[in-house]
Each structure stands twice: as structure tokens, then as C-alpha cells.
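J.: My questions all concern the structure below.
The values are calculated or read from the model by the stated rules, or taken from the named source; none is laboratory data. These numbers were taken from a predicted model, which means no experiment stands behind them. We place every Cβ from the backbone using ideal geometry, glycine too, and count neighbours over all the protein chains shown.
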Amino acid sequence: MNKEKQKQKQKQLLFYIATKISWLLVLALGKMARIRVKHVNNWYKVKNSADGLIFLLWHGKLLLLSYVHRNQNLSVMVSEHGDGEIIAQAIMRMGYRTVRGSSTRGGRKAFREMLRQLKKGEQCVVTPDGPNGPRHEVKMGALLLAQLSGAYLLPTTCAVQKPIYMNSWDRFTLWWPFSRACVLYGEPIKIPRKLSNEELEQQRRFIQDRMMALEKEADEVFRS
């Protein structure tokens, strides 16, 4: 019994340290980065829209963008699996609201909650290739959220001068201290309410192309 209690205390301590370190790591790296923005007017067009707004960004680019948009009361869907609780605690400290669920667990409940918030004109973050890939592939969930809520989709990405890529399916991106960084916003997109399945797939491919074009532009930022 004592061993079980000791293990539980160790687990709680490790959890506490992990949430502290992850939150402070994002803040420290963000504050040290020299960040500029391209196409910020695309964001300003819909920043205060009563229709709601969905920041659409690749899963691997979450770190820098979570720093840039901290303390803006955005909602983020966080997995109920494994390290999801650590991520949830960390981003809440950065001023985000969490909606718990993923495509494999609690997804329907999380989708309904995100939809409810968007219909009230609130804003959220969606990674269309998350939580498990394939990398840089837009799935239908983000489109359905935008279609049913009437919210705008805002393609968003970033680039860093000295990236560090994690060995993960999404090539999760960190960067060396004092690196230059750039955030890019694409044109806002509205999904019509009444679409056939074929038309919705056409919209998905259109957004896929827009996201990849923005990603290509991001890749070129620090190459010259």
C-alpha cells in the first residue's frame, strides 16, 4: 500500500513538473524569438467577426502559434488520451480554453461543444491533420464545423529560421533561442451551408491547396 501511495505521489510530481516545464518552455522560446507577421490584414478582416472564427493550422506548427495567440480566449480541442492532460493544463495557463476529445475518444461531444461556441461568435483553433495524421492532410471535421456554424476559416502557419524537428508524425517544430520567426495568415474562407457531398469534397481540396500554398510561402521566408 505504501509503495502504491509513493508511486502515485511520484506520478503527481512528474505531472506537475511536466505542466510547468511545457508552459514555461513555450513562453521562453516565444519571448526570445524575433517574430514578424505577413498578411496580417487577412486576420484583421475577421478578427472581430460576429460569425466566429476558426484558426486552421497544421499540428506540427502549434507551438509558435500557441505563443502568438496566447491570452485571446481561444478554444482548443485536446485529446483525452495520454499526455492530453499535460497539454490541457499547459495551454490553459496561456489563456486558452480546452475542449476535451479527439477523433478516437470523446470526439462527438467535443465537436458539439466547439460548434456551440462558434455559433455564439467565439473563436477556436483546429488542426485539420490532427491528432494522428496523415501530416498536412485536411480532414473533413474543420469544414463541417465551419459549415454548420457559419464561422470563417483562417489558414494560418509559421516558419522559423533555425527549426528543430521532433521525430514525430507531424514533424513538430521547435526552434533555437533567438531565432527569427514569421507568422502568415491566408485569406479567410466561408463554407456555404448547403453543399452536396461532392461539392463539400471540392471545398476540402480547395482548402488543402490554400493551406499548402501558404506553407510553401512560409518555407521560402528564410531561404533568401
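J.: For the stretch 92-108, which residues satisfy the criterion of being within 11 Å of Met77 (Cα to Cα) and part of a loop (DSSP other than H, G, I, E, B)?
T.: Passing the criteria: Tyr96, Gly101, Ser102, Ser103, Gly106.
J.: Modelled with pLDDT of 95 or more and over 20 Å from Lys61 (Cβ atoms): which single residue out of Pro192, Pro188, Pro155 fits that description?
T.: Checking each option against the conditions leaves just Pro192.
J.: Could we say that Ser168 is at pLDDT 95 or above and touching a helix residue (DSSP H, G or I) at 6+ places or on another chain (Cβ under 9 Å) here?
T.: no
J.: Just to be sure I understand, how many residues within the stretch 100-138 are at pLDDT 95 or above and touching a Pro at 6+ places or on another chain (Cβ under 7 Å)?
T.: Residues in the stretch 100-138 being at pLDDT 95 or above and touching a Pro at 6+ places or on another chain (Cβ under 7 Å): 1 in total.
J.: For the stretch 109-157, which positions are under 21 Å from Trp43 (Cα atoms) and assigned to a loop (DSSP other than H, G, I, E, B)?
T.: Lys120, Gly121, Glu122, Thr127, Pro128, Val138, Gly150, Ala151
Residues are listed down the side, and each one gets a yes or a no for (1) of a type in the set (Gly, Ala, Ser); (2) under 20 Å from Val76 (Cβ atoms); (3) within 15 Å of the chain's Cα centre (by Cα):
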{"residue": "Asp129", "(1), (2), (3)": "no, yes, yes"}
{"residue": "Lys162", "(1), (2), (3)": "no, no, no"}
{"residue": "Ser168", "(1), (2), (3)": "yes, yes, no"}
{"residue": "Ser179", "(1), (2), (3)": "yes, no, no"}
{"residue": "Lys190", "(1), (2), (3)": "no, no, no"}
{"residue": "Phe206", "(1), (2), (3)": "no, no, no"}
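J.: What is the number of the single condition among (1) of a type outside the set (A, V, I, L, M, F, W, C); (2) in a loop (DSSP other than H, G, I, E, B); (3) farther than 19 Å from Ala146 by Cα that Gly30 does not meet?
T.: All conditions are met except number (2).
J.: Which of the residues belonging to the stretch 209-224 are surrounded by 15 or more Cβ atoms within 10 Å (Cβ to Cβ) and not hydrophobic (A, V, I, L, M, F, W, C)?
T.: Arg210, Glu215, Glu217
J.: Sticking with this one: Give me a count of the residues in the stretch 33-69 that are outside any strand (DSSP E or B), among the hydrophobic types (A, V, I, L, M, F, W, C) and either touching a strand residue (DSSP E or B) at 6+ places or on another chain (Cβ under 8 Å) or within 20 Å of Asp129 (Cα to Cα) (or both).
T.: Result for the stretch 33-69: 11.
J.: Suppose we keep only residues that are buried (at least 16 other Cβ atoms within 10 Å of the Cβ) and small (Gly, Ala, Ser) within the stretch 76-96. Which one would you say is modelled with the highest pLDDT?
T.: Here the residue is Ala90.
Conditions (1) under 19 Å from Tyr185 (Cα atoms); (2) out of contact with any Gly (no Cβ under 9 Å at 6 or more places or on another chain); (3) modelled with pLDDT of 95 or more; (4) surrounded by 12 or more Cβ atoms within 10 Å (Cβ to Cβ), marked per residue:
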| site | (1), (2), (3), (4) |
| --- | --- |
| Gln8 | no, yes, no, no |
| Ala18 | no, yes, no, yes |
| Ser22 | no, yes, no, yes |
| Ile35 | yes, yes, yes, yes |
| His39 | yes, no, yes, yes |
| Asp51 | yes, no, yes, yes |
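J.: Continuing with the same structure: Considering only the stretch 165-180, I want to know if a residue exists there that is part of a strand (DSSP E or B), buried (at least 19 other Cβ atoms within 10 Å of the Cβ) and among the small types (Gly, Ala, Ser).
T.: So far as the stretch 165-180 goes, no, none of its residues is part of a strand (DSSP E or B), buried (at least 19 other Cβ atoms within 10 Å of the Cβ) and among the small types (Gly, Ala, Ser).
J.: So, one more: Testing Pro128 on (1) at negative phi; (2) of a type outside the set (A, V, I, L, M, F, W, C); (3) surrounded by fewer than 21 Cβ atoms within 10 Å (Cβ to Cβ), one condition comes back false. Which one is that?
T.: Condition (3) is where Pro128 drops out.
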